[in-house]
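Have a look at the structure below before the remarks.
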Amino acid sequence: MAILSSDFSSPAMVADTRGRHLRDLRISVTDRCNFRCTYCMPKEVYGRDFQFLERSQLLSFDEINRLVGIFKHHGVEKVRITGGEPLVRRQLERLIEMLAQDPSLDLTLTTNASLLKQKARLLKDAGLNRITVSLDSLDEAMFRAMNDVDFPVAKVLAGIEEADRVGLNPIKINMVVKRGVNDCAAVDMARHFKGSGHILRFIEFMDVGHTNGWQMEHVVPSRELAKRIDKVFPIEPTQPNYIGEVAERWRYKDGSGEIGFISSVTQAFCRDCTRTRLSAEGSVYTCLFATRGSDLRSLLRSGASDEQISDVIANIWRTRSDNYSEVRTAETAKLRKVEMSYIGG
Ligand code: SF4
């Protein structure tokens, strides 16, 4: 399906080689983070001397806004702001404000909540709809060990409370579960958020990037975790909100809310994957486990027109065939895949 008209008012949906439409755009606004989570940005790799992107290498807010306009033309309805840690990018609320000019856009953000207490009101007023918080344990020692910068749980919980207070809800809480590290904390997490209105999701430890030392035996299959939770708090599966939803939804039988399981390792969901990712320096990655991206920044900065960029994006998606989770092996886990901190989860 060729992109002919330059009339950006009429959407030009594109489908990939498996008939999947482009719907979700995840935008990393920085490769930096103030945490060093061991499964994402291990300190041994991201130490004091690590060369992060220079400010001039980052897409500006105007460039991001322009690209979002073009992606919307191809069907994007949902934008998730990520990082690294997006709240370390200064004045992020200005970008949110620009993107929120289109009220039809579902605008959300994923954060470690370290700066959320200070920023929640600004983000809400700028037009952010919802928020997802990463929190891997309520156990102080365990959490500090996992974020590896000694950051206290209390400050994350204070950020969640403030986000809830200003109306950035329902809040989703993402817990990456690693066997022998924090899986024993899963039931306590469920107990804490049960009945709160927030939606706790358990994420299977994934072989993202090539620096987190992933091994299959560190993975707790979601089915196993669901059984553990069910023993204490009876749960049952419930209907997805939409096709392509990442988390498998379950609810507490006593009606006190829902939880989710994101099972990229044991229950691949590539069949309905409608997601693409934009790195902080303007490259498109069509899969979380991609080994290479396509550069859009040089087009933006060399005077290419929206139509030209639009054609490039359409072509990237049209030729997409990603299904990494369906073909994952111990060998593929060793591939030099792009780091999650570079393109967002
Ligand atoms: S592995 Fe890639 S194609 Fe599959 S669901 Fe994840 S991002 Fe989509």
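The values are calculated or read from the model by the stated rules, or taken from the named source; none is laboratory data. All values derive from a computational prediction rather than experimental measurement. With ideal geometry, Cβ positions are generated from the backbone for all residues, glycine too; neighbour counts draw on all protein chains shown. These accessible areas exclude ligands, DNA and RNA; they are computed on the full protein's heavy atoms, side chains included. Shrake-Rupley method; radii C 1.70, N 1.55, O 1.52, S 1.80 Å.
Could you go through the range 81-99 and let me know if any residue there is at positive phi, out of contact with any Phe, Trp or Tyr (no Cβ under 8 Å at 6 or more places or on another chain), open to solvent by less than 10 Å² (accessible area, probe 1.4 Å) and part of a loop (DSSP other than H, G, I, E, B).
no
Here are some conditions: (1) out of contact with any strand residue (DSSP E or B) (no Cβ under 8 Å at 6 or more places or on another chain); (2) surrounded by 14 or more Cβ atoms within 10 Å (Cβ to Cβ). S222 meets all but one. Which one does it not meet?
(1)
Give the residue, chosen from L116, L109, L92, that is of a type outside the set (D, E), more than 22 Å from R55 (Cβ to Cβ) and under 17 Å from the mean Cα position of the chain (by Cα).
Numbers: L109 fails: more than 22 Å from R55 (Cβ to Cβ); L92 fails: more than 22 Å from R55 (Cβ to Cβ).
Within the list L116, L109, L92, the selection yields L116.
Can you list the helices (runs of 4 or more DSSP H) found entirely within the range 102-215 that contain at least 2 residues being within 24 Å of M340 (Cα to Cα) and in contact with a Cys (Cβ under 8 Å, 6 or more places away or on another chain)? Explain how you work it out, then say what you get.
On the way: elements: 116-126, 140-147, 153-166, 186-193.
Hits in the range 102-215: 140-147.
What residue, among those in the range 269-317 that are within 16 Å of the ligand (Cβ to nearest atom) and assigned to a helix (DSSP H, G or I), is surrounded by the fewest Cβ atoms within 10 Å (Cβ to Cβ)?
Across the range 269-317, the extreme among qualifying residues is R271.
Which members of the range 318-333 meet the condition of being more than 12 Å from the ligand (Cβ to nearest atom) and open to solvent by less than 40 Å² (accessible area, probe 1.4 Å)? First the steps, then the outcome.
Filtering the range 318-333 for residues more than 12 Å from the ligand (Cβ to nearest atom) gives 318-319, 329-331, 333.
The one that is more than 12 Å from the ligand (Cβ to nearest atom) and open to solvent by less than 40 Å² (accessible area, probe 1.4 Å): A333.
Could you tell me which residue of the range 2-31 is modelled with the lowest pLDDT, considering only residues that are open to solvent by less than 40 Å² (accessible area, probe 1.4 Å), part of a loop (DSSP other than H, G, I, E, B) and of a type in the set (V, I, T)? Reasoning before the result, please.
As a first pass, look at the range 2-31 and keep what is open to solvent by less than 40 Å² (accessible area, probe 1.4 Å): 3, 12, 14-16, 20, 22, 24-31.
Among the residues that remain, those that are also part of a loop (DSSP other than H, G, I, E, B) are: 3, 12, 14, 16, 20, 22, 29-31.
From what's left, of a type in the set (V, I, T): 3, 14, 29-30.
Details: I3: 40, V14: 93, V29: 98, T30: 98.
That would be I3.
Only one of these is among the small types (G, A, S) and over 30 Å from R48 (Cα atoms): A186, A145, A158, A154. Name it.
Working: A145 fails: over 30 Å from R48 (Cα atoms); A158 fails: over 30 Å from R48 (Cα atoms); A154 fails: over 30 Å from R48 (Cα atoms).
Exactly one of A186, A145, A158, A154 is among the small types (G, A, S) and over 30 Å from R48 (Cα atoms), namely A186.
For residues that are touching a strand residue (DSSP E or B) at 6+ places or on another chain (Cβ under 6 Å) and without any contact (Cβ under 8 Å) to a residue 60 or more places away in the chain, scanning just the range 187-202, find the one that is most open to solvent (accessible area, probe 1.4 Å).
H198
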